[in-house]
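Each remark here refers to the structure printed beneath this line.
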Amino acid sequence: MLRFIFSLLVFSLCSSHLLAGGGWPQPKENGYFKLYQWWVVADQHFTDVGLIDPNTTNGIFNTSLYAEYGFTDRFTGVVNFPFFSRAYFNNTISGTTGDLLVPGEAINSIGDTDIGFKYGLTQNKPLALSATLTLGLPLGNNEGGTQGNLQTGDGEFNQMLQIDAGRGFQLGKLPAYANAYVGFNNRSQGYSDELRWGLEAGVNLFNKKLWAIGRIIAIESLLNGDRSVGENSTSIFANNTEFISFTPELAWNFNEKWGVAASVGTAFSGRIIFANPSYSVGVFFNLR
Amino acid sequence: MKFSQIIFGALLTLLVYSCIGDDIIFDTVAENVRITSRVDSLAVGDDFQFEAIFVNNIGIEEPMTIAWSSSDEAILAIDQNGLASGISKGDVMVTATVDLATKTITDTWPLAVADNTVISDPESRTGQLRTTSSYLLEGDFELKPDGNNLTLVLSDDYRASSNLPGLYVYLTNNPNSVNGAYEIGMVTEFSGTHSYTIPGDEVGLNQYSHLLYFCKPFGVKVGDGEFDN
């Protein structure tokens, strides 16, 4: 039970927004850019009943560029581009003979890429509302390796509509913010559609040098896809994955433009998804 | 240390971390010898060719010298190639023996030498599935001859999780591994009775000890069922 409670989860690849996004579009000609590495190495997964079973160790490493740019004060373009994605699984070795039973394999490619269009529904109001349309482009490899079970993408084009509501406030004397979103992800190629929601709060510490952020993300599958889809897919690209995750994050600003950020993805629960921690480290730049 | 050196060090660490490693699986099973051709009764004066296989400690069939013996040479004579001859009426036990470095393993088969020769022709072998994971898997199964082929029949009470990607079914002598197992095929039925046809020239009725359900993408065993007979 402790293992279950404290087991950690991979959260979605497109959830790595740092100090950006939420209900606030970028001001015109302002931007936020981040070069980051996200990875998970998993030797266990959540099963369809939410328990944890072991699996052959799988790893996926994405080196990505995340960018937001304000074309107008209301309209912001968003890109999350994993320009190098590596997926592998370990060798399986007989504990009896030491023989190699199943050789490990790896693939390298670009990964599935998100392109988003955010529109500010409010301006200069205490409550910042925005709507975002995100297109998930299947640029990754969904059938890599000799068995077709290595993936750097899911092979389907998805469209997600998301509504964000954010508000800045003072926590004592400290600047802080909170944001919530809800979204519907329409998936193709027989994959089940998804409901997504998230809560996020951050507080600025050390004279605006450090943002400490907590984020809860949830994906709920509508289980309306084809049963035969994703027969060779492992998490994080399997069909009908679900989770509720908690992701603490720290972002340190060297100055007004440059900073570094790091986060770890943890979980309360999950189904058909890896159950090990995911990590992200990156360097970001604020265009002002 | 410069910032660029920290970044370089971090990338180098990730590069090493992203290399293929080794997963060790516990796949030891008890070696066994199994008599695969059987006769219930042998007529006096008739011959019968016994056959047996040896399965090693990882469940792989392996050529091995098998010694044959009869519990009563006055009733049944048998040579070291397993060729038995009925001598006189009575009950007798045939034993197949393999000498290993540290132990001796045997399998026995009882038969009668009588008026007629009756070849053992079991209509089927049966077993019951059980889950060894948290995925649903249950139900009875039967492996039986069907002309020149074999048919594996899953019964009405069969149920398996349909949420697991890439579920395959195997015949194996090692329920902990698909190494050396015979892959029957991908599972496409998740409840109720259904069957698989297995080429008789590739698989013998008594060749394997277990049915194994294995998830290929996750590389993990889901469940198994041992043949009862």
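Readers should treat all values here as calculations from the given coordinates under stated rules, not as data from a laboratory. Keep in mind that this is a model prediction, so the values were computed, not measured. Quick reminder, even Gly has a Cβ in these numbers, built from the backbone with ideal geometry, and neighbours come from all protein chains shown.
Taking every Cα-Cα distance in the range B:174-229 and sorting them into 10 Å bins starting at zero, the pair-distance distribution P(r) comes out as 19, 54, 27, 0 percent. Each residue in B:THR65, A:THR122 was given a count of other beta-carbon atoms within 10 angstrom of its own, and listing them fewest first yields B:THR65, A:THR122.
Within 10 Å, at most 12 other Cβ atoms, and a DSSP state outside H, G, I, E, B define an exposed site. Report the longest part of chain B free of exposed GluC sites (Glu not before Pro). By the stated rule (loop sites, at most 12 other Cβ atoms within 10 Å), B:124-201. Couplings 3J(HN,Hα) for the range B:206-212, derived from phi with the Karplus relation 6.51 cos²θ - 1.76 cosθ + 1.60 (θ = phi - 60°), are 9, 6, 10, 9, 9, 9, 10 Hz, where x marks Gly and Pro. Could you count how many Lys pairs in chain A have their Cα atoms under 24 Å apart, skipping same-chain pairs fewer than 8 positions apart? Total qualifying Lys-Lys pairs in chain A comes to 16.
Counting pairwise Cα distances across chain A, what percent come out greater than 30 angstrom? In whole percent, the share of Cα-Cα pairs in chain A beyond 30 Å is 30. Classify the range B:88-138: rounded, prolate or oblate, from the alpha-carbon gyration tensor (a ≥ b ≥ c, eigenvalue square roots; a/c under 1.5 rounded; otherwise prolate if a/b is larger than b/c)? The shape class here is oblate. Sparsely packed loop sites in the range A:198-288 (the chymotrypsin sites (Phe, Trp or Tyr not before Pro) outside DSSP H, G, I, E and B with at most 11 other Cβ atoms within 10 Å) comprise A:PHE206, A:PHE254. Backbone amide hydrogens, once placed in the peptide plane, bring B:LEU83 within less than 5 Å of B:PHE50, excluding anything fewer than 5 places away on its chain.
Seen from B:SER134, the other residues with C-beta closer than 10 Å to its C-beta sum to a net charge of -2, counting Lys and Arg as +1 and Asp and Glu as -1.
How big is D, in µm² s⁻¹, for the protein assembly as shown by Stokes-Einstein at 25 °C and 0.890 mPa s if Rh is the Kirkwood radius over C-alpha pairs? Spell out each step's value before the answer.
Numbers: Rh = 26.5 Å.
My calculation gives 93 µm²/s for D.
Phi angles across the range A:164-177 convert, under the Karplus curve 6.51 cos²θ - 1.76 cosθ + 1.60 with θ = phi - 60°, into 3J(HN,Hα) values of 10, 10, x, 8, x, 7, 9, 9, x, 9, 9, x, 8, 8 Hz, Gly and Pro given as x.
Seen from B:ASP46, the other residues with C-beta closer than 14 Å to its C-beta sum to a net charge of -2, counting Lys and Arg as +1 and Asp and Glu as -1. Neighbour counting of Cβ atoms within 10 Å sorts the residues A:TRP24, A:TRP197, fewest neighbours leading, into A:TRP197, A:TRP24. With Cβ to Cβ distances under 11 Å as the rule, what net charge do the other residues near A:ARG74 carry (K, R +1; D, E -1)? Neighbourhood net charge equals +1. Per-residue 3J(HN,Hα) values for the range A:203-214, derived from phi via the Karplus relation 6.51 cos²θ - 1.76 cosθ + 1.60 with θ = phi - 60°, read 9, 9, 10, 6, 6, 6, 8, 10, 9, 10, 10, x Hz in sequence order (x marks Gly and Pro). Full extension of the chain segment joining A:THR146 with A:GLN159 gains 1.7 nm, where the gain is 0.36 nm per residue of separation less the Cα-Cα distance.
Is it possible to state the helix-based mean residue ellipticity at 222 nm for the protein assembly as shown, with each DSSP H run of 4+ residues giving -39500 (n - 2.57), the sum divided by total residues, to the nearest 500 deg cm²/dmol? What is it?
Values: 2 runs with 20 residues, N = 517.
So the helix-based figure for the protein assembly as shown works out to -1000 deg cm²/dmol.
Beta bridges per DSSP, both residues in chain B: antiparallel share near 95 percent.
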